[in-house]
Amino acid sequence: MRTLLFAILLLGVGATALAKSSTEVQRSWQFSVLLDGSPIGYHRFELLSRESELEVLSEASFDVRFLFINAFRYRHSNRELWEGECLRVIESSTRQNGEEFAVSGERLAEGLTIEANGRSDRLDGCVMTFAYWNPRFLEQTRLLHPQTGEYMTVEVQPLGREKLTVRGESVVASAYQVKARDVDITVFYSDDDEWLGLESVAKGGRIIRYVLT
(Lines give C-alpha, C1' and ligand atoms only; values in the text may rest on other atoms or scores of the structure.)
Protein backbone atom coordinates (compact mmCIF):
# COMPACT_ATOMS: atom_id res chain seq x y z
CA MET A 1 0.00 0.00 0.00
CA ARG A 2 2.93 2.36 0.64
CA THR A 3 4.13 1.84 -2.94
CA LEU A 4 0.55 2.18 -4.21
CA LEU A 5 0.25 5.75 -2.97
CA PHE A 6 3.87 6.87 -3.40
CA ALA A 7 2.91 9.27 -6.19
CA ILE A 8 0.35 10.95 -3.95
CA LEU A 9 3.02 11.66 -1.37
CA LEU A 10 4.76 13.97 -3.83
CA LEU A 11 1.83 16.35 -3.93
CA GLY A 12 2.16 17.95 -0.55
CA VAL A 13 3.26 21.44 -1.52
CA GLY A 14 2.34 23.84 1.26
CA ALA A 15 0.10 23.75 4.48
CA THR A 16 -0.33 24.94 8.01
CA ALA A 17 -3.02 27.15 9.47
CA LEU A 18 -1.75 30.73 9.57
CA ALA A 19 -3.37 34.08 10.29
CA LYS A 20 -4.24 35.71 6.96
CA SER A 21 -4.64 39.32 8.04
CA SER A 22 -1.61 40.32 5.96
CA THR A 23 -2.13 37.87 3.11
CA GLU A 24 -4.27 37.75 0.00
CA VAL A 25 -5.48 34.54 -1.67
CA GLN A 26 -4.25 34.55 -5.27
CA ARG A 27 -5.48 31.12 -6.35
CA SER A 28 -6.86 27.94 -4.81
CA TRP A 29 -7.55 24.38 -5.90
CA GLN A 30 -9.78 21.70 -4.37
CA PHE A 31 -9.24 18.18 -5.73
CA SER A 32 -11.23 15.03 -5.10
CA VAL A 33 -8.79 12.10 -5.10
CA LEU A 34 -9.92 8.84 -6.72
CA LEU A 35 -8.34 5.38 -6.69
CA ASP A 36 -9.60 3.27 -9.61
CA GLY A 37 -12.59 5.61 -9.81
CA SER A 38 -13.53 5.40 -6.13
CA PRO A 39 -13.14 8.47 -3.89
CA ILE A 40 -10.52 8.14 -1.14
CA GLY A 41 -10.11 11.74 0.03
CA TYR A 42 -9.15 15.25 -0.96
CA HIS A 43 -6.16 17.50 -1.54
CA ARG A 44 -6.51 21.28 -1.42
CA PHE A 45 -4.07 24.09 -2.17
CA GLU A 46 -3.88 27.84 -1.60
CA LEU A 47 -1.43 30.37 -3.04
CA LEU A 48 -1.13 33.50 -0.91
CA SER A 49 0.62 36.83 -1.43
CA ARG A 50 2.73 37.41 1.69
CA GLU A 51 4.66 40.66 1.49
CA SER A 52 7.37 40.05 -1.13
CA GLU A 53 6.95 36.26 -1.01
CA LEU A 54 4.53 33.66 -2.26
CA GLU A 55 3.18 31.34 0.40
CA VAL A 56 1.82 27.94 -0.67
CA LEU A 57 -0.38 25.95 1.69
CA SER A 58 -1.89 22.52 1.16
CA GLU A 59 -3.63 19.77 3.07
CA ALA A 60 -4.28 16.15 2.08
CA SER A 61 -6.37 13.41 3.66
CA PHE A 62 -6.77 9.85 2.26
CA ASP A 63 -8.42 6.70 3.58
CA VAL A 64 -8.33 3.46 1.59
CA ARG A 65 -10.71 0.77 2.81
CA PHE A 66 -10.66 -2.95 2.05
CA LEU A 67 -13.48 -5.24 3.17
CA PHE A 68 -14.74 -2.55 5.59
CA ILE A 69 -11.26 -2.20 7.12
CA ASN A 70 -9.27 1.04 6.89
CA ALA A 71 -6.24 -0.42 5.10
CA PHE A 72 -4.42 2.86 4.55
CA ARG A 73 -4.68 6.19 6.38
CA TYR A 74 -2.72 9.24 5.25
CA ARG A 75 -2.62 12.82 6.53
CA HIS A 76 -0.24 15.42 5.14
CA SER A 77 0.25 19.17 5.61
CA ASN A 78 2.95 21.40 4.19
CA ARG A 79 3.89 25.07 4.00
CA GLU A 80 6.31 26.64 1.55
CA LEU A 81 7.63 30.18 1.05
CA TRP A 82 8.92 31.09 -2.40
CA GLU A 83 11.00 33.98 -3.72
CA GLY A 84 10.41 34.03 -7.44
CA GLU A 85 10.97 30.51 -8.76
CA CYS A 86 13.12 29.43 -5.80
CA LEU A 87 12.06 27.70 -2.60
CA ARG A 88 13.07 29.63 0.55
CA VAL A 89 11.30 27.76 3.38
CA ILE A 90 9.57 24.40 3.69
CA GLU A 91 7.80 22.84 6.69
CA SER A 92 5.91 19.57 6.26
CA SER A 93 4.43 16.91 8.50
CA THR A 94 2.97 13.55 7.52
CA ARG A 95 1.27 10.68 9.31
CA GLN A 96 1.02 7.47 7.30
CA ASN A 97 -0.50 4.40 8.97
CA GLY A 98 0.95 5.43 12.33
CA GLU A 99 4.37 6.42 10.95
CA GLU A 100 5.35 10.07 11.23
CA PHE A 101 7.57 12.10 8.89
CA ALA A 102 8.80 15.67 9.15
CA VAL A 103 10.77 17.90 6.77
CA SER A 104 12.01 21.45 7.39
CA GLY A 105 14.27 23.62 5.32
CA GLU A 106 15.47 27.18 4.85
CA ARG A 107 17.64 28.85 2.25
CA LEU A 108 20.70 30.48 3.81
CA ALA A 109 23.78 32.07 2.26
CA GLU A 110 25.43 28.67 1.81
CA GLY A 111 22.38 27.03 0.23
CA LEU A 112 19.06 25.40 1.11
CA THR A 113 19.49 23.42 4.33
CA ILE A 114 17.15 20.44 4.76
CA GLU A 115 16.35 18.50 7.94
CA ALA A 116 14.37 15.35 7.17
CA ASN A 117 13.64 12.58 9.66
CA GLY A 118 16.99 12.91 11.42
CA ARG A 119 18.97 13.48 8.22
CA SER A 120 20.61 16.78 7.22
CA ASP A 121 21.46 17.98 3.73
CA ARG A 122 22.40 21.14 1.87
CA LEU A 123 21.23 21.90 -1.67
CA ASP A 124 22.93 24.47 -3.88
CA GLY A 125 21.29 26.77 -6.38
CA CYS A 126 17.59 27.42 -6.99
CA VAL A 127 15.55 24.46 -5.70
CA MET A 128 11.95 23.62 -6.60
CA THR A 129 9.58 21.04 -5.15
CA PHE A 130 6.98 19.11 -7.16
CA ALA A 131 5.14 22.44 -7.52
CA TYR A 132 2.36 21.38 -9.88
CA TRP A 133 0.69 24.79 -9.50
CA ASN A 134 3.68 26.32 -11.33
CA PRO A 135 4.30 24.84 -14.82
CA ARG A 136 7.90 26.07 -14.62
CA PHE A 137 8.65 23.03 -12.45
CA LEU A 138 8.47 21.00 -15.71
CA GLU A 139 11.76 22.62 -16.77
CA GLN A 140 13.68 21.12 -13.84
CA THR A 141 15.88 18.01 -13.85
CA ARG A 142 15.76 17.58 -10.04
CA LEU A 143 12.94 18.26 -7.58
CA LEU A 144 12.68 18.17 -3.80
CA HIS A 145 10.30 15.57 -2.33
CA PRO A 146 8.31 17.47 0.34
CA GLN A 147 7.67 14.42 2.54
CA THR A 148 11.08 12.71 2.55
CA GLY A 149 13.41 15.64 1.81
CA GLU A 150 14.99 13.63 -1.03
CA TYR A 151 16.30 15.64 -3.99
CA MET A 152 15.07 13.45 -6.86
CA THR A 153 16.24 13.26 -10.47
CA VAL A 154 13.22 13.64 -12.77
CA GLU A 155 12.46 13.32 -16.47
CA VAL A 156 9.66 15.32 -18.12
CA GLN A 157 8.05 14.50 -21.47
CA PRO A 158 5.19 16.37 -23.22
CA LEU A 159 2.34 14.02 -24.20
CA GLY A 160 0.32 16.37 -26.39
CA ARG A 161 -3.35 17.25 -25.98
CA GLU A 162 -5.84 15.10 -24.06
CA LYS A 163 -9.49 15.37 -23.07
CA LEU A 164 -10.15 15.93 -19.38
CA THR A 165 -13.25 16.44 -17.24
CA VAL A 166 -12.91 19.60 -15.15
CA ARG A 167 -15.69 20.76 -12.84
CA GLY A 168 -18.10 18.52 -14.72
CA GLU A 169 -17.18 19.80 -18.19
CA SER A 170 -15.04 18.22 -20.92
CA VAL A 171 -11.96 20.28 -21.82
CA VAL A 172 -8.82 19.75 -23.88
CA ALA A 173 -5.64 20.06 -21.83
CA SER A 174 -1.89 19.85 -22.37
CA ALA A 175 -0.46 16.73 -20.72
CA TYR A 176 3.08 16.15 -19.39
CA GLN A 177 4.61 12.99 -17.99
CA VAL A 178 6.87 13.39 -14.94
CA LYS A 179 8.99 10.35 -14.08
CA ALA A 180 11.32 9.70 -11.17
CA ARG A 181 12.35 6.63 -9.21
CA ASP A 182 9.14 4.61 -8.65
CA VAL A 183 7.08 7.55 -9.90
CA ASP A 184 5.09 7.94 -13.13
CA ILE A 185 2.74 10.93 -13.09
CA THR A 186 0.80 12.80 -15.78
CA VAL A 187 -0.12 16.41 -15.02
CA PHE A 188 -2.58 18.52 -17.03
CA TYR A 189 -2.73 22.26 -17.79
CA SER A 190 -5.13 24.62 -19.55
CA ASP A 191 -4.07 26.88 -22.39
CA ASP A 192 -3.43 29.66 -19.86
CA ASP A 193 -1.27 27.35 -17.68
CA GLU A 194 -3.81 26.62 -14.95
CA TRP A 195 -3.24 23.25 -13.25
CA LEU A 196 -6.31 21.12 -14.09
CA GLY A 197 -5.56 17.65 -12.77
CA LEU A 198 -3.21 14.77 -12.25
CA GLU A 199 -3.11 11.04 -12.91
CA SER A 200 -0.68 8.36 -11.78
CA VAL A 201 -0.29 4.65 -12.47
CA ALA A 202 0.46 2.89 -9.19
CA LYS A 203 1.76 -0.62 -8.53
CA GLY A 204 -0.56 -3.25 -9.97
CA GLY A 205 -1.87 -0.85 -12.61
CA ARG A 206 -4.21 0.97 -10.23
CA ILE A 207 -5.01 4.57 -11.23
CA ILE A 208 -4.82 7.55 -8.90
CA ARG A 209 -6.66 10.59 -10.26
CA TYR A 210 -7.03 14.18 -9.02
CA VAL A 211 -10.34 15.69 -10.16
CA LEU A 212 -10.74 19.47 -9.83
CA THR A 213 -14.01 20.41 -8.11
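The values are calculated or read from the model by the stated rules, or taken from the named source; none is laboratory data. Note that the structure is predicted; figures quoted are calculated from it, not measured. FYI the Cβ positions are ideal-geometry reconstructions off the backbone, even for glycines, and counts take in every protein chain you see. Areas reflect the complete protein model, heavy atoms only, side chains present, ligands, DNA and RNA absent. Shrake-Rupley method; radii C 1.70, N 1.55, O 1.52, S 1.80 Å.
A few notes on this one:
- From the alpha carbon centroid of region 150-213 to that of region 81-97 is 21 Å.
- Here V166 and S49 are evaluated by their C-beta separation; at R0 = 25 Å the FRET efficiency comes out at 0.50.
- To put it simply, the accessible area of the chain at a 1.4 Å probe is 47 percent carbon and sulfur.
- Karplus-derived 3J(HN,Hα), 6.51/-1.76/1.60, for each residue of region 173-185, Hz, glycine and proline x: 10, 8, 10, 9, 8, 10, 10, 9, 4, 6, 10, 9, 10
- Taken per residue, the accessible surface of the chain reaches 49 Å², heavy atoms only and a 1.4 Å probe.
- Gained length - E99 relative to F66, 0.36 nm times residue gap less alpha-carbon distance: 9.9 nm
- Anisotropy class of the chain from Cα gyration tensor, a/c 1.5 cut: rounded
- MRE, 222 nm, helices only [DSSP H, n ≥ 4, -39500 (n - 2.57), over the chain, to nearest 500]: -500 deg cm²/dmol
- The slack between D193 and M152, meaning 0.36 nm per residue of separation minus the straight C-alpha distance, is 12.4 nm.
- At R0 = 30 Å, FRET efficiency that the Cβ-Cβ distance of E24 and I207 yields, to 0.05: 0.25
- Average Cα contact separation per residue, the chain, under 8 Å, 6 or more apart, as relative contact order %: 18 percent
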